[in-house]
1. Checking B:Trp122 against (1) within 7 Å of chain A (Cβ to nearest Cβ); (2) without any contact (Cβ under 8 Å) to a residue 60 or more places away in the chain; (3) hydrophobic (A, V, I, L, M, F, W, C), which test does it fail?
2. Taking B:Ser38 as meeting all but one of (1) in contact with a helix residue (DSSP H, G or I) (Cβ under 9 Å, 6 or more places away or on another chain); (2) open to solvent by less than 60 Å² (accessible area, probe 1.4 Å); (3) under 20 Å from B:Asp113 (Cα atoms), write down the number of the exception.
3. Tell me, yes or no, whether the stretch B:68-82 has at least one residue that is among the aromatic types (Phe, Trp, Tyr) and either within 14 Å of the chain's Cα centre (by Cα) or assigned to a loop (DSSP other than H, G, I, E, B) (or both).
4. Within the stretch A:3-77, which strands (runs of 3 or more DSSP E) (wholly inside it) include 3 or more residues that are open to solvent by 20 Å² or more (accessible area, probe 1.4 Å)?
5. Quickly run through the stretch A:2-45 and pick out the residues that are of a type in the set (Lys, Arg), closer than 19 Å to B:Pro138 by Cα and more than 14 Å from chain B (Cβ to nearest Cβ).
6. State whether one or more residues within the stretch A:46-57 are facing another protein chain (nearest Cβ under 10 Å), touching a residue at least 40 places away in the same chain (Cβ under 8 Å) and within 21 Å of A:Met1 (Cα to Cα).
7. Which of the residues that make up the stretch B:84-117 are at the interface with another protein chain (Cβ under 7 Å from one of its Cβ atoms), open to solvent by less than 50 Å² (accessible area, probe 1.4 Å) and part of a helix (DSSP H, G or I)?
Amino acid sequence: MNLTVALFGIAREIVGQSSLTLTAPAGQSAAGLLAELRTRYPALAGLRSLAVAVNNEYAAADVPLHERDEIALIPPVSGG
Amino acid sequence: MLIDLVDHAIDVAAVLQAAESDEAGAVNAFIGTVRNRSEGRRVVRLHYEAYPPMAVHQLRRVAEMAREKWPMLRQVAVVHRHGTLEIGDVAVVIAVSTPHRADSFAACQYIIDTLKEVVPIWKKEEYEDGTVWVAAHP
């Protein structure tokens, strides 16, 4: 399946683009996606935290992803 | 409940007004502004980036969690700004109203503290000689 991942802040700068489409095995989990992205972009592993959001909610590690999901990578937030 | 993410100057008076309630004896507000120094470095300006749909959704969730913790809350208003902000600009305004003041202080503090932990907004500090994404690295 193809997943589209929106990127923000320092994650966007590390990857060099604001969204990424990648092919993933069916049933790929949020943790699996993170592992894949950290392999491709080692600088992501140096961040204080990195979360996956699915449809505007933070996703637990074992949540399976679907093609139609709105997926985003959330580096450490610093609003306020 | 007023929840918003804007790309222009926040109308602070309008946020305070949104928190008014005839049943409240206290309106408590937090106004977050852009400071000219960070860890000893002179800050020139700040760039806020947001993931707008999730940021608004999470702002609403934070306000709802505050309502669960402080059921006496009357009004809750939270407006955050994104884009490029200069020193002194208002980045966020939170205003709550409750019958008595102690609850209004506690609820307002809870909302700003939780916002900083969960709402997908990122701050990049610009100095005279470079930029840094705040809190990105250990």
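The values are calculated or read from the model by the stated rules, or taken from the named source; none is laboratory data. What you see is a predicted model; the values in this text were computed from it and never measured. When we count neighbours, we look across all protein chains shown, and the Cβ atoms used for this are built from the backbone with ideal geometry, even at glycine. Just the protein is used for accessible areas: all its heavy atoms, side chains included, with ligands, DNA and RNA removed. Shrake-Rupley method; radii C 1.70, N 1.55, O 1.52, S 1.80 Å.
1. Result: B:Trp122 passes all but (2).
2. Only one criterion is unmet by B:Ser38, namely (1).
3. Kept after step one, since they are among the aromatic types (Phe, Trp, Tyr), are these residues of the stretch B:68-82: B:70.
Add one more test, that the residue is either within 14 Å of the chain's Cα centre (by Cα) or assigned to a loop (DSSP other than H, G, I, E, B) (or both), and what stays is B:70.
Yes, that holds for at least one residue.
4. On the way: elements: A:19-23, A:51-54, A:71-74.
So the answer is A:19-23.
5. Residues of the stretch A:2-45 of a type in the set (Lys, Arg): A:12, A:38, A:40.
Next, from what is left, pick out any that are closer than 19 Å to B:Pro138 by Cα: A:12, A:38.
Across the stretch A:2-45, the qualifying residue is only A:Arg38.
6. Within the stretch A:46-57, not a single residue is facing another protein chain (nearest Cβ under 10 Å), touching a residue at least 40 places away in the same chain (Cβ under 8 Å) and within 21 Å of A:Met1 (Cα to Cα).
7. B:Ile112, B:Leu115 - these are the residues of the stretch B:84-117 that are at the interface with another protein chain (Cβ under 7 Å from one of its Cβ atoms), open to solvent by less than 50 Å² (accessible area, probe 1.4 Å) and part of a helix (DSSP H, G or I).
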